[in-house]
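The values are calculated or read from the model by the stated rules, or taken from the named source; none is laboratory data. Remember, it's a predicted structure, so these values are computed and weren't measured experimentally. Using ideal geometry, Cβ is built from the backbone for each residue, glycine included, and neighbour counts are taken over all protein chains shown.
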């Protein structure tokens, strides 16, 4: 077991993650150049380096995207037991409604487009239920619980964390992704460790890959010029040996905010 509350053990994991991110850097650079060609020379100053009249890269990417992820997938639920037909039909209708609510087709198209340039990746999760459309469930002793809602999010190669030392996917010791989160919401999250939350500080968008650019603005609260409120980098890391997914600050050497069995 890797004790992520132990500074030395956690330091080894964070060092391995940093080394693997550096190993992915050549792929991120190539992907950036491919995306330049995809957007063309008329998009912005960051577009293609050469003037593009007919953008064949863009056309090809669109064809692949439409061919592989044009619409939402559909579910068919069946059963050989006649008495279960009504339940199977209700289950089928509600699964298809959930897929539509998730806008799964848009997420799939984004993942397919990522795969066209290098690698497409998504993360399956349980997010909080939207209580405007779905009610909470009542458990014993009049306690109401949020059952959660299955969800799929696209993960960019820029934010992907892979164990680059592994020769096979099944041999990976860890993997995960990082993301920006509202600092105030992180501090208010009741499920996170209170002691760890007390040590958190907001961070700049550039603080993970460029520590020299970390800056504190407005009385010590780090806010980038294009952000309206303090934000923080978080990362979800799956550790194979522990069989857990840990939510941690991505740019601060702190114990996990939350550890969940996988």
Answer yes if at least one residue in region 164-183 is surrounded by 15 or more Cβ atoms within 10 Å (Cβ to Cβ), out of contact with any strand residue (DSSP E or B) (no Cβ under 7 Å at 6 or more places or on another chain) and not in a loop (DSSP other than H, G, I, E, B), and no otherwise.
-> no
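For region 197-211, how many residues meet the condition of being in a loop (DSSP other than H, G, I, E, B) and at pLDDT below 70?
4
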What tally of residues in region 99-121 results from selecting those that are in contact (Cβ under 8 Å) with a residue 40 or more places away in the chain and either assigned to a helix (DSSP H, G or I) or exposed (fewer than 14 other Cβ atoms within 10 Å of the Cβ) (or both)?
-> 12
In this structure, does residue 95 turn out to be touching a strand residue (DSSP E or B) at 6+ places or on another chain (Cβ under 9 Å) and modelled with pLDDT of 90 or more?
-> no
Identify all residues within region 147-163 that are assigned to a loop (DSSP other than H, G, I, E, B) and either modelled with pLDDT under 90 or within 20 Å of residue 14 (Cβ to Cβ) (or both); write none if there are none.
-> 147, 148, 155, 163
Top-ranked residue of region 212-259 - restricted to ones that are modelled with pLDDT of 85 or more and loosely packed, with under 14 Cβ neighbours inside 10 Å, ranked as nearest to residue 11 (Cα to Cα) | 253
With the condition kept exactly as written, say whether any residue in region 61-78 is in contact with a helix residue (DSSP H, G or I) (Cβ under 6 Å, 6 or more places away or on another chain), touching a residue at least 24 places away in the same chain (Cβ under 8 Å), surrounded by 13 or more Cβ atoms within 10 Å (Cβ to Cβ) and farther than 28 Å from residue 151 by Cα.
-> no
Would you please name the residue that is surrounded by the fewest Cβ atoms within 10 Å (Cβ to Cβ), looking only at residues in region 184-196 that are assigned to a loop (DSSP other than H, G, I, E, B) and out of contact with any helix residue (DSSP H, G or I) (no Cβ under 9 Å at 6 or more places or on another chain)?
-> 190
Output for Cβ contacts, cut-off 6 Å, separation at least six or different chains, first residue free of Cβ contacts under 8 Å to residues at least 60 places away in the same chain in region 159-176, second surrounded by 12 or more Cβ atoms within 10 Å (Cβ to Cβ) and in a strand (DSSP E or B), reads 159/177; 159/178
Taking region 59-98 and keeping only residues that are under 30 Å from residue 39 (Cα atoms) and in a helix (DSSP H, G or I), one is left with 59, 60, 61, 62, 63, 64, 65, 66, 67, 68
Check region 39-57 and report whether any residue there is surrounded by fewer than 13 Cβ atoms within 10 Å (Cβ to Cβ), over 28 Å from the mean Cα position of the chain (by Cα) and modelled with pLDDT of 90 or more.
-> no
If you check every pair at least six apart or on different chains, which have Cβ atoms under 6 Å apart with a residue in region 1-21 that is at pLDDT below 90 first and a residue that is assigned to a helix (DSSP H, G or I) second?
-> 2/9; 3/9; 4/10
